[in-house]
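> Pasting a structure here, questions to come.
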Amino acid sequence: MKDSGKRLRLVTIPISHFCEKARWALDRASLDYAEEGHLQALHRRASLAAGGTGQVPVLVTGDGHAVPDSTAILRWVDERLPESRRLYPDGALGVEVAELAAHLDEPFGSDTRLWAYHWFLPDPRLAVGNLMRTRTIPLAQRAIVPLVLPLISLFVRRRYSIDSQSARAAEQRFVAVLDEVAERISDGRPFLLGDRLSAADVTFAALSSPISLPPEYGSPIATLDDLPPRARRRMEPLHGHPACEFARGLYRRERGVRR
Ligand SMILES: N[C@@H](CCC(=O)N[C@@H](CS)C(=O)NCC(=O)O)C(=O)O
């Protein structure tokens, strides 16, 4: 679908799970869009130029209007879908979905991101390999990755205040959310709420992805085998958490990546 004839644009840091949340909604609605990926730090200029706040994702509609923030993008996409396909259903269920999705958004999303950066960034091979094969990042940016990786790492560490202590605290908080989700799905339900995919599922599956590492992620992502031994040892029990299994199941059944 196009607004005013122009193709939609999604400005991203491709590995970002908030961007993935928005990308999932656009793909699921079969909307035609171009992803414009950027390296961390370079994203800021692109976000501001697109009408965003400096963060990503930013959706630029066909008439040039900016929709920053992944939740606002899910809502924008929903307005273009029939009720039966919306991620936020009508009525009381919709209110419940919005509340649960908000609970699974922050600080959960920031915590899984902080933890993954803390454990993945020290291995330059992993980060360079990932960024180099992310085709939504322009070639000119990919070409300088080996050179600028130390600066990107510094930017990311400062921006999210990453150190061993903050990573431990983030882990405690996100594991509590994983436990809550595991409790909720212990009756074998296929979705967090209701009988079809909702914004709560998309939010949880996307924002847990730094830990659940779903192969169907909408941009290149590491596998357990890619991780350096120390990170892998830390990751394995979390990756095997029942809530992460549930998130991978949602990805397998529902993600349908646009290629
Ligand atoms: N609430 C925002 C959070 C977006 C967000 O945290 N984006 C990160 C990427 S995961 C970002 O832009 N980080 C770089 C920065 O803050 O400068 C959303 O849902 O879109």
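Derivation of every value follows stated rules applied to the coordinates shown; laboratory data play no part. Keep in mind that this is a model prediction, so the values were computed, not measured. In this analysis, Cβ positions are derived from the backbone assuming ideal geometry, glycine residues included, and neighbour counts consider all displayed protein chains.
> Applying the selection to region 97-134, what residues are in contact (Cβ under 8 Å) with a residue 12 or more places away in the chain and either in contact with a Ser or Thr (Cβ under 7 Å, 6 or more places away or on another chain) or in a loop (DSSP other than H, G, I, E, B) (or both)?
VAL97, ALA101, LEU104, ASP105, PRO107, THR112, LEU114, LEU121, PRO122, ASP123, ARG133, THR134
> Is it true that some residue in region 88-96 is surrounded by 13 or more Cβ atoms within 10 Å (Cβ to Cβ), touching a residue at least 60 places away in the same chain (Cβ under 8 Å), of a type in the set (D, E, K, R) and over 29 Å from GLY194 (Cα atoms)?
Within region 88-96, none of the residues are surrounded by 13 or more Cβ atoms within 10 Å (Cβ to Cβ), touching a residue at least 60 places away in the same chain (Cβ under 8 Å), of a type in the set (D, E, K, R) and over 29 Å from GLY194 (Cα atoms).
> May I ask you to list the residues in region 42-71 that are more than 8 Å from the ligand (Cβ to nearest atom) and of a type in the set (Gly, Ala, Ser)?
ALA46, ALA49, ALA50, GLY51, GLY52, GLY62, GLY64, ALA66
> Scan region 150-179 for residues that are farther than 18 Å from ARG44 by Cβ and touching a residue at least 60 places away in the same chain (Cβ under 8 Å) and jot them down.
Listed by number, the residues that qualify are ALA170, GLU171, ARG173, PHE174, VAL175, VAL177, LEU178, ASP179.
> Quick one: in region 28-71, which of the residues that are assigned to a strand (DSSP E or B) and small (Gly, Ala, Ser) is surrounded by the fewest Cβ atoms within 10 Å (Cβ to Cβ)?
Here the answer is ALA34.
> While we're on this one: Restricting attention to region 173-208, which residues are assigned to a helix (DSSP H, G or I), of a type in the set (Asp, Glu) and more than 10 Å from VAL97 (Cβ to Cβ)?
ASP179, GLU180, GLU183, ASP187
> If you don't mind, there's one more thing I want to ask. I'd like to check something: does region 211-220 contain any residue that is of a type in the set (Asp, Glu) and in a loop (DSSP other than H, G, I, E, B)?
yes
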